[in-house]
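First comes the structure, then the notes that go with it.
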């Protein structure tokens with residue numbers, strides 16, 4: 001008999017007990033769907049993370065100022081204040097001493113309200129150089145980015161992030177108009193494009209919110225706002241001096257990222273008594289995320305594999321019942337010339353039909369993963385807004401990504417499970433004594 | 001008669017058992033179901049095997065059907081000594097040289113009439129490409145032309161037995177083994193089935209039939225009576 005005939009025969013035999021076969025198929029279906037859905041969601045989550053890290057740039061190295069904890073404790077309340085973080089000289093040393101670095105952007109930031117008439121928007125004021133826009137892949141939608149001449153001339157010019165511009169200038173064109181940052185007025189020369197948050201990096205645990213930024217020339221920042229930050233905390237003035245908050249260095253080649261990061265670490269170590277900086281390599285983050293993704297997938301496969309094994313046990317149960325019920329048929333077939341091997345084959349094909357059908361239906365349901373997630377999300381959003389607001393953004397934004405390998409693996413495993421769990425019942429059928437089998441009522 | 005015999009070749013011996021015994025172990029005791037039986041089955045013969053229950057007739061039929069192996073002795077079928085064959089080879093021998101007709105028809109419920117007739121062909125190597133046509137032809141031969149796609153459950157006992165007979169013919173066997181073929185049927189239907197077997201026998205088929213009904217056995221050419229695992233008598237029917 002050829003494969004099609006075998007499949008047809010298997011199908012017809014299974015139709016003798018429709019409900020029973022359907023339940024066995026359901027067991028496998030759920031297993032296969034579980035594999036595909038879990039992997040798709042896992043892939044979706046890690047894709048999000050990877051995109052965010054990729055936004056930081058695979059060739060970039062980010063050096064951030066962090067507040068050394070012991071200094072903060074011992075010197076709190078001290079009148080002189082503390083100075084920490086990256087120095088302008090660090091920037092010079094990095095840019096001049098490391099040949100693999102093709103570009104670097106120093107950056108200073110501070111939280112300040114930006115005003116225009118009656119509008120007040122809390123923002124992050126960022127002092128930077130013109131390269132900031134290209135390195136962070138932040139295109140300026142309207143107007144122009146900051147220019148080198150702005151830095152040289154200590155110009156009071158600013159580029160607004162998309163959201164900030166919208167809120168300060170709901171109606172008017174912001175270009176050419178003035179906004180107030182602190183006590184100074186700045187002319188808006190450009191508006192940046194809308195941009196979603198990037199991954200959280202060391203030193204700042206929240207994702208970088210580009211949409212809350214206001215950019216001014218670094219030299220202007222230094223002159224108008226200064227290095228010293230005075231904050232009131234618990235009734236005492238806190239006095240901190242920070243020269244730079246971040247230096248973003250871009251390496252000319254991905255291969256030299258790790259080596260360059262090591263040199264930067266060594267260089268900084270020499271000039272900083274305390275570790276008041278963090279060197280973050282997005283490439284490393286990416287690699288970590290990749291490892292995480294692998295572990296995640298293995299875990300999901302394990303869980304899903306267990307459900308497939310449970311489905312397989314269901315199939316075995318049903319096939320054992322089938323073999324007992326069809327003892328007579330086995331005897332007849334043996335008398336009419338079937339060898340043991342052919343009986344094994346017949347019953348194995350039957351389990352393959354069961355598990356294969358379950359597998360195919362499971363793949364079909366697996367493809368419904370995206371719409372189902374959308375539907376569930378919509379349902380929660382509209383019927384349980386309270387629950388919705390407590391869910392993390394990862395779930396708000398989760399887009400399941402069907403992994404082709406998971407579909408192939410799930411289907412393959414389901415058929416494999418059918419064969420593995422079908423062998424024992426099939427052999428039991430084949431090893432029956434034909435005379436006994438023919439006598440069986 | 002002698003003249004006719006000169007013209008016809010000596011009937012070929014299609015199957016032969018020589019001094020076969022079968023011993024079962026039951027509860028630590030050896031039970032001799034067959035104590036040394038020798039028989040020859042000539043081409044075109046119609047043999048009825050009779051005997052009371054426990055006489056060994058079922059055991060003999062199982063041996064003839066290659067469903068079991070004798071404890072000792074020889075069984076020649078189609079030129080092979082099948083007494084010593086492996087399980088797989090026995091399956092092949094059954095499929096190639098033997099046709100079975102059972103008391104309870106033994107059709108496969110999920111298959112149609114034609115598909116039931118085709119079952120033995122699915123175990124033939126190589127596969128016959130004209131299996132369906134052949135099966136349809138045989139179904140017509142046994143008078144089931146209008147019921148090719150019926151399931152066994154939709155047929156009467158007599159019709160089911162006709163399907164079984166057609167199935168026994170499909171592999172063109174050397175011997176047809178019938179185990180109480182009329183045991184489950186009423187007298188009228190029994191007669192129809194016996195007539196069908198007569199027709200087959202008249203076209204040269206060798207039939208070996210086990211029965212305990214003397215009037216059914218009367219329709220065979222040779223009647224072998226077993227008793228306690230031994231042949232009690234071999235009678236030739238004149239009719």
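The values are calculated or read from the model by the stated rules, or taken from the named source; none is laboratory data. Worth saying up front: this structure is predicted, and the values here are computed from it rather than measured. All Cβ positions, even for glycine, are placed from backbone atoms using ideal geometry, and neighbour counts span all protein chains on display.
In segment B:105-120, of all residues being at the interface with chain A (Cβ under 9 Å from one of its Cβ atoms) and within 18 Å of the chain's Cα centre (by Cα), the one that is farthest from residue A:6 (Cα to Cα) corresponds to B:106. Residues in segment A:394-413 include at least one that is crowded, with 21+ Cβ neighbours inside 10 Å and farther than 30 Å from residue A:51 by Cα. For segment A:32-80, name all the residues that are in a loop (DSSP other than H, G, I, E, B) and either surrounded by 21 or more Cβ atoms within 10 Å (Cβ to Cβ) or modelled with pLDDT of 70 or more (or both). Hits for segment A:32-80 are A:57, A:58, A:59, A:66, A:67, A:68.
Being more than 14 Å from every other protein chain (Cβ to nearest Cβ), modelled with pLDDT of 90 or more and either within 30 Å of residue B:106 (Cβ to Cβ) or under 36 Å from the mean Cα position of the chain (by Cα) (or both) is the requirement here; does residue A:319 meet it?
Spelling it out, residue A:319 is indeed more than 14 Å from every other protein chain (Cβ to nearest Cβ), modelled with pLDDT of 90 or more and either within 30 Å of residue B:106 (Cβ to Cβ) or under 36 Å from the mean Cα position of the chain (by Cα) (or both).
Residue-level check: of (1) surrounded by 15 or more Cβ atoms within 10 Å (Cβ to Cβ); (2) modelled with pLDDT of 90 or more; (3) away from chain B (no Cβ under 14 Å), residue A:23 misses just (1).
Residue by residue, here is whether (1) within 14 Å of chain B (Cβ to nearest Cβ); (2) touching a residue at least 24 places away in the same chain (Cβ under 8 Å); (3) more than 26 Å from residue A:437 (Cβ to Cβ) holds:
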{"site": "A:273", "(1), (2), (3)": "no, no, yes"}
{"site": "A:277", "(1), (2), (3)": "no, yes, yes"}
{"site": "A:285", "(1), (2), (3)": "no, yes, yes"}
{"site": "A:299", "(1), (2), (3)": "no, no, yes"}
{"site": "A:311", "(1), (2), (3)": "no, yes, yes"}
{"site": "A:315", "(1), (2), (3)": "no, yes, no"}
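Would you confirm whether or not segment A:339-359 contains a residue that is without any contact (Cβ under 8 Å) to a residue 24 or more places away in the chain, more than 11 Å from every other protein chain (Cβ to nearest Cβ) and either in contact with a strand residue (DSSP E or B) (Cβ under 8 Å, 6 or more places away or on another chain) or over 23 Å from residue A:17 (Cα atoms) (or both)? The answer is no; no qualifying residue exists.
Taken residue by residue, segment A:215-238 has no member that is under 24 Å from the mean Cα position of the chain (by Cα), assigned to a helix (DSSP H, G or I) and touching a residue at least 60 places away in the same chain (Cβ under 8 Å). Regarding residue B:178, is this residue surrounded by 15 or more Cβ atoms within 10 Å (Cβ to Cβ), closer than 27 Å to residue B:89 by Cβ, within 14 Å of another protein chain (Cβ to nearest Cβ) and touching a residue at least 60 places away in the same chain (Cβ under 8 Å)? Criteria met by residue B:178.
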